[in-house]
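Data first, discussion second: the structure below is written as structure tokens.
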Amino acid sequence: MAIRVNSSALATMRSYEIFRECPAEVVNEIFVYLQEHEKGVYRAIIQNIATQRKLRPVFIERKPKPERHEWLRQALSRKPADDVAAQTLQIWLLGAQKDLICQFLDALDIAHDGKGFVDELPPEPPSEKLKAAVDHLLESHRPEIVAVYLNLFQTMDDAGWKGLEEILTTDARLKIGQTSGAETA
């Protein structure tokens, strides 16, 4: 899976920053999904992190699940793990959150395969339509999940969408971390 990360989007969180700031409950949800539905991916993440840290994978695998997931979270919260963190989030979103992705794409009239895959992103939609799509997501999904998706979505296009960047910057409901889920001021 090729990942193109837009480093010019200053307010958009990078994948490793998402893991660093995301509530532990969401991070655990990500790893539980991968462990139950994407076993090969889960093992590959452990292998990759173990290699980066010069450890044997069994060291990580033998930890109790909550401790292992927190340990993986800490490892994916480091800047050198950004590519692995991005792939982890992509796999989780496309598997566990495909309804959210399809709902967003449908609201913006972006053609997709029904599973959230898009061949080519169109130009940025009008800001009113983008805001309405984000508001609709927030009505039917947890704000922290929507925030993770939109931050990752923003990094997938070389240019990013200025309107989405503005929404991510100004809408308090989309702040990942302690303020995640707060009402818009």
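The values are calculated or read from the model by the stated rules, or taken from the named source; none is laboratory data. Everything numeric here is computed off the predicted structure, so don't read it as measured data. Virtual Cβ from ideal backbone geometry, glycine too; neighbours counted across all protein chains shown.
Tabulated values for the structure
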item: Residue pairs meeting the criteria (Cβ under 9 Å; at least 6 apart or on separate chains; first within 17 Å of residue 20 (Cα to Cα), in segment 142-167; second buried (at least 21 other Cβ atoms within 10 Å of the Cβ) and among the aromatic types (Phe, Trp, Tyr)); result: 146/104; 148/92; 149/104; 150/104
item: Single residue of segment 70-79 satisfying the filter (part of a helix (DSSP H, G or I) and in contact (Cβ under 8 Å) with a residue 60 or more places away in the chain) that is farthest from residue 27 (Cα to Cα); result: 79
item: Residues (within 14 Å of the chain's Cα centre (by Cα) and either of a type in the set (D, E, K, R) or farther than 14 Å from residue 20 by Cα (or both)) located in segment 65-87; result: 73, 82, 83, 87
item: Residue among 65, 54 that is surrounded by fewer than 16 Cβ atoms within 10 Å (Cβ to Cβ), basic (Lys, Arg) and on the phi > 0 side of the Ramachandran plot; result: 54
item: Top-ranked residue in segment 122-158 [being under 18 Å from the mean Cα position of the chain (by Cα) and outside any helix (DSSP H, G or I); ranked as surrounded by the fewest Cβ atoms within 10 Å (Cβ to Cβ)]; result: 158
item: Selection status of residue 108, at pLDDT 95 or above, assigned by TED's automatic domain parsing to the domain that holds residue 162 and not aromatic (Phe, Trp, Tyr); result: yes
item: Hits in segment 94-121 - residues which are among the small types (Gly, Ala, Ser) and either surrounded by 14 or more Cβ atoms within 10 Å (Cβ to Cβ) or under 17 Å from residue 162 (Cβ atoms) (or both); result: 95, 96, 107, 116
item: Residue within segment 30-51 that is under 15 Å from residue 147 (Cα atoms), part of a helix (DSSP H, G or I), not small (Gly, Ala, Ser) and not assigned by TED's automatic domain parsing to the domain that holds residue 163 present; result: yes
